[in-house]
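A.B. asks: Below: one structure in structure tokens.
Rule-based calculations on the coordinates, nothing more; no lab input. All values derive from a computational prediction rather than experimental measurement. Cβ sites come from the backbone with ideal geometry, for glycine too, and all protein chains shown count toward neighbours.
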Amino acid sequence: MKTLARFFPVLLLATLAISVPTAQQTATPAPSRTPDVIYVPTPQEVVVGMLKLAKVGAGDVVYDLGSGDGRIPITAVKEFGAARAVGIDIDPQRINEANANAKTAGVTDRVRFLNQDLFTSDFRDATVVTLYLLPTLNVKLRPKLWAELKPGTRVVSHSFDMGDWVPEQTVQIAGKNIFFWTIPKR
């Protein structure tokens, strides 16, 4: 018994050292639910085309729903002079990547990324909303956009439309369709 008592502090420390993860061992937390789409980055020339189509400029607040690596919010402030931009993504790994990209681009003072579900997020202060989601998700999201966004807010979608909501403009960039709408008056 004396021998075991003598080694108990050593065993306790060894157990704690094994069970407590270090910063390098800590994994990125899992998404709060399974993402609705797989991550496919928007080509940079399409990003630029989307922001041009929306006429993003000074004073704009851009929200990118399903923001992935953050390229749309970063480009909106860095190249188009948007006042600020917010990316929303359900995947914490994408948020970490986007934050690193914003830091590298030197825009962390005007860009932020939220690890949230875009269907429950608050983006009412947006003047421009960008998205690259599946058609079913766009249609599911449309009532939220119409109910919460101010009339005149611009919406741009990469590749997919919004069902029977007819776009005001459709352009092709690098073989991809880009759709543009304006939130109507109530």
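A.B. asks: I need the phi-derived Karplus couplings for segment 76-82: 6.51 cos²θ - 1.76 cosθ + 1.60, θ = phi - 60°, integer Hz, Gly and Pro marked x.
C.D. replies: Going residue by residue, I get 4, 7, 6, 9, 10, x, 4 Hz, with x marking Gly and Pro.
A.B. asks: Right, here's the next one. Collect residues whose amide H, placed 1.01 Å from N in the peptide plane, falls under 5 Å from the amide H of Phe113; neighbours closer than 5 in sequence don't count.
C.D. replies: Gly87
A.B. asks: On to the next question. Please list 3J(HN,Hα) in residue order for segment 172-186, calculated via the Karplus relation 6.51 cos²θ - 1.76 cosθ + 1.60 where θ = phi - 60°; whole Hz, with x for glycine and proline.
C.D. replies: Going residue by residue, I get 10, 9, 6, x, 10, 7, 10, 10, 10, 9, 10, 4, x, 5, 7 Hz, with x marking Gly and Pro.
A.B. asks: Where a ≥ b ≥ c are the square roots of the eigenvalues of the C-alpha gyration tensor, would you call segment 79-120 rounded, which needs a/c under 1.5, or, failing that, prolate if a/b is larger than b/c, or oblate?
C.D. replies: oblate
A.B. asks: Where in segment 85-186 are there GluC sites (Glu not before Pro) that are in a DSSP coil and have at most 16 other Cβ atoms within 10 angstrom of their Cβ?
C.D. replies: Those that pass, being in a loop and sparsely packed, are Glu168.
A.B. asks: If you don't mind, there's one more thing I want to ask. What number of lysine-lysine pairs in segment 44-182 show an alpha-carbon separation below 21 angstrom, given a sequence spacing of 8 or more or placement on distinct chains?
C.D. replies: Here the count comes out as 8.
A.B. asks: Could you give each residue of segment 135-140 its phi-based ³J(HN,Hα) in whole Hz, using Karplus coefficients 6.51, -1.76, 1.60 with θ = phi - 60°, and x for Gly or Pro?
C.D. replies: Couplings: x, 5, 6, 4, 5, 5 Hz.
A.B. asks: How large is Rg/Rh for segment 53-186, to two decimals, with Cα atoms and a Kirkwood Rh?
C.D. replies: 0.94
A.B. asks: Next question. How would you rank 84-92, 60-68, highest first, on the average number of other Cβ atoms within 10 Å across their residues?
C.D. replies: Highest to lowest by the protection proxy: 60-68, 84-92.
A.B. asks: Looking at segment 44-182, what % of its DSSP beta bridges pair antiparallel, to the nearest 5?
C.D. replies: Here the antiparallel bridges make up roughly 40 percent for segment 44-182.
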